[in-house]
1. Taking a cut-off of 16 Å between Cα atoms, list the aspartates and glutamates near residue 150, but don't count ones fewer than 8 places away on the same chain.
2. Taking 7 Å along the Cα-to-C-beta vector as the label spot, tell me the residue 93-residue 2 distance in nanometres, rounded to one decimal.
3. Which value, in debye to the nearest 20, describes the size of the charge dipole of the range 133-212 about its Cα centre when Lys and Arg Cβ atoms bear +1, Asp and Glu Cβ atoms bear -1, and nothing else is charged?
4. Counting each DSSP H run of 4 or more residues in the chain as -39500 (n - 2.57), what helix-only mean residue ellipticity at 222 nm follows after dividing by all residues, to the nearest 500 deg cm²/dmol?
5. Filter the DSSP H helices in the chain by two things, a Kyte-Doolittle mean of at least 0.0 and an axial alpha-carbon span of 18 angstrom or more, and list the hits by number.
6. Please sort by residue number the trypsin sites (Lys or Arg not before Pro) in the range 1-95 whose DSSP state is loop and whose Cβ has at most 13 other Cβ atoms within 10 Å.
7. Given Cα pairs under 8 Å that are at least 6 residues apart, what percent is the relative contact order of the chain?
8. Would you please put 118-125, 208-215 in order of how densely packed they are, using the mean number of other Cβ atoms within 10 angstrom per residue and starting with the highest?
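Rule-based calculations on the coordinates, nothing more; no lab input. Treat the numbers as computed from the prediction; the structure is a model and nothing was measured. Cβ coordinates were reconstructed from backbone atoms using ideal geometry, including for glycine residues, and neighbour counts include every protein chain displayed.
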Amino acid sequence: MRIPPRVLTVAGSDSGGGAGIQADLKTMLALGTHGMSVVTAVTAQNSLGVQGAWELPAEAVRAQFRSIVDDIGVQAVKTGMLASPELVRTVARLLAGVDAPVVVDPVGVSKHGDRLLAAEALESVRERLLPTATVATPNLDEVAELTGVKVTDEDGMREAARAILAYGPRWALIKGGHLPGAPVDLLSDGREEHWFRGARHDNRHTHGTGCTLASAIAAHLAKGLDVPQAVGAAKAYVTGAIAAGFPLGAGIGPVDHAWQWG
Ligand SMILES: Nc1ncnc2c1ncn2[C@@H]1O[C@H](COP(=O)(O)OP(=O)(O)OP(=O)(O)O)[C@@H](O)[C@H]1O
Ligand SMILES: Cc1ncc(CO)c(N)n1
């Protein structure tokens with residue numbers, strides 16, 4: 001009997017199914033793991049943007065987390081949209097008691113520019129959440145908001161990694177997808193440097209790329225890969241999913257989580 005590795009996402013729901021909890025669970029399934037979820041917030045969202053967002057009470061987040069961890073257990077955790085300072089602090093406290101790798105995607109603003117994290121929560125992300133991370137995966141906008149470092153080239157990505165690592169995650173993965181040219185990400189623990197270069201796919205249907213990458217890293221960590229191996233395998237998965245992204249609705253469609261299944 002196959003018992004798949006167990007992976008938990010702590011994130012917000014995207015009603016459109018392209019990002020958030022929905023992207024995370026699809027990614028976890030596609031990579032052969034058992035996905036579980038702690039819902040932090042519900043968004044009304046589609047290909048055009050976020051029409052509404054409602055966070056859950058901290059008690060509901062704690063209860064979901066305890067139900068999963070105390071019975072089923074987890075081999076890796078991924079965090080996404082955490083909405084408020086209170087939820088960031090609640091999740092950081094819960095993560096401190098978990099004996100499994102943690103991937104923190106410090107989601108700030110959606111692709112359409114809608115805030116998914118209150119500006120007052122940035123301090124808690126820096127001081128409470130980032131120290132719990134095995135890998136933190138900010139994009140360049142999140143790097144700027146969290147550290148003040150404005151990245152325009154690959155040297156800037158090194159500076160960004162140092163600034164993020166100063167808050168205590170074991171590894172920083174700086175996502176350079178928003179720079180021109182071939183998309184390159186830098187993984188660093190302050191000693192080792194790994195550059196991951198992918199082919200750019202000029203496909204506008206990229207809703208969910210960040211969530212998908214972070215969940216794929218968590219799934220591969222749960223399967224026993226080390227951090228550089230897990231990031232390499234996750235990058236290959238997200239690149240394929242972006243290449244196969246498809247139009248839905250009138251705006252930006254999702255990446256294809258099932259691209260390997262044809
Ligand atoms: N057009 C593209 N073609 C190929 N790879 C890309 C493209 N855009 C981004 N990537 C890669 O996708 C991954 C996710 O990066 P990205 O910078 O898009 O995350 P993000 O901004 O957090 O996503 P989101 O907008 O979902 O929050 C990275 O590995 C990045 O290099
Ligand atoms: C719920 C949710 N989480 C994360 C993202 C990524 O931007 C999104 N668009 N929606």
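1. Within reach: 141, 142, 159, 185.
2. That separation, rounded to one decimal, is 3.9 nm.
3. Working: 9 positive and 12 negative charges, 29 e Å.
In total the dipole reaches around 140 debye.
4. After summing the helix terms and dividing by residue count, I get -10000 deg cm²/dmol.
5. Counting only whole DSSP H runs, the qualifying helices are 209-222, 227-243.
6. 2
7. Details: 585 pairs, mean separation 49.8, N = 262.
Once divided by the residue count of the chain, the mean separation gives 19 percent.
8. On the way: 118-125: 17.0, 208-215: 28.8.
Going by the mean number of other Cβ atoms within 10 Å, highest first, we get 208-215, 118-125.
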